[in-house]
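Q: Handing you a structure now.
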Amino acid sequence: MDISRIRNHLLPYFGEMRMSDIEKRDVVQLINDQLPSYKPGSINRVIILLRYMFNLAIKWEVEGVSRNPTAGIPLLKEDNHVERFLSSEEAKALLIAIKNSKNPMLQHIISMLILTGARKREVLDAKWEDFDMERNIWRIPTTKAGKARIVPLSDTASVLLIKLRQRKRCAYAFANPVTLKPYSSVYYSWHTARKKAGLSDVRVHDLRHSFASFLVNAGRSLYEVQTLLGHTQIKTTQRYAHLSTTSLRSASNEISLAVPELI
């Protein structure tokens, strides 16, 4: 992603300038120019990257670079409470789009993300040795929490893996068929597919949110969702506590079924 940010955000803006010539006002102008087209979170990642690049240049004593023009520039406020969840119809449209992708592995990667709620890097780096197909479990050796976790595989996820295993060519389950190594990024094929599906605002991480949303709306408990997502604290899972109107209506109807004499 850093390479993508350099190519798409920094080079078009600063590509003709020396690092020593970039002033704080130039960074502020970059932020202002990107505000109409990009979300605060995306702009912040660019600024963080630029700040890191200048810090390295100063550390490495790059000639002419003695100060960091991003110093003192605050990051934009992000609304971290806004979550994006796919509806069943949107999920279907997305699956149709990824099946037509020029990237032959995209449909398998995205399907695995939706079926398991795993993080993108967990799927991209998954090895065949991590899967126990007899017990239908996936042991993710290294997670965001820094320790291994076990993910139960649904019947559909197991079928997906069995199909992929029939043409196994390397140690990685979702490897790039050309390099036989994990993808460093699937952004371009993903971005093309989501645009074709009319879902240009959906991020890969939103598939994890959607996995949880589908479970909660199907009546599964927050404890189950917490366990499947590998959250260490229930408060992290509370963001998925919303229920669809249909689920709420169904729940309220339980009272009428329990006490039919009310009417």
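Bear in mind that the values in this text are calculations on the coordinates, not laboratory data. Owing to the predicted nature of the structure, the values given are computational and were not obtained by experimental measurement. With ideal geometry, Cβ positions are generated from the backbone for all residues, glycine too; neighbour counts draw on all protein chains shown.
Q: Give the residues of region 59-96 that are surrounded by 13 or more Cβ atoms within 10 Å (Cβ to Cβ), farther than 30 Å from K196 by Cβ and in contact with a Ser or Thr (Cβ under 7 Å, 6 or more places away or on another chain), sorted by residue number.
A: V65
Q: Just to be sure I understand, how many residues within region 21-47 are part of a helix (DSSP H, G or I) and in contact (Cβ under 8 Å) with a residue 40 or more places away in the chain?
A: Qualifying residue count for the region: 7.
Q: Can I ask one more? Of the residues that sit in region 116-159 and are among the charged types (D, E, K, R) and closer than 22 Å to S213 by Cα, which one is surrounded by the fewest Cβ atoms within 10 Å (Cβ to Cβ)?
A: So the first thing to find is which residues in region 116-159 are among the charged types (D, E, K, R), and the list is 119-122, 125, 127, 129-130, 132, 134-135, 139, 144, 147, 149, 155.
Subsequent filtering for residues that are closer than 22 Å to S213 by Cα retains 119-122, 144, 149, 155.
Details: R119: 19, K120: 20, R121: 14, E122: 23, K144: 13, R149: 19, D155: 9.
Checking each candidate, the answer is D155.
Q: Report whether or not I3 is surrounded by fewer than 17 Cβ atoms within 10 Å (Cβ to Cβ), of a type in the set (A, V, I, L, M, F, W, C) and not in a loop (DSSP other than H, G, I, E, B). It would help to see each step written out before you state the result.
A: On the way: surrounded by fewer than 17 Cβ atoms within 10 Å (Cβ to Cβ): yes; of a type in the set (A, V, I, L, M, F, W, C): yes; not in a loop (DSSP other than H, G, I, E, B): yes.
So I3 passes the test.
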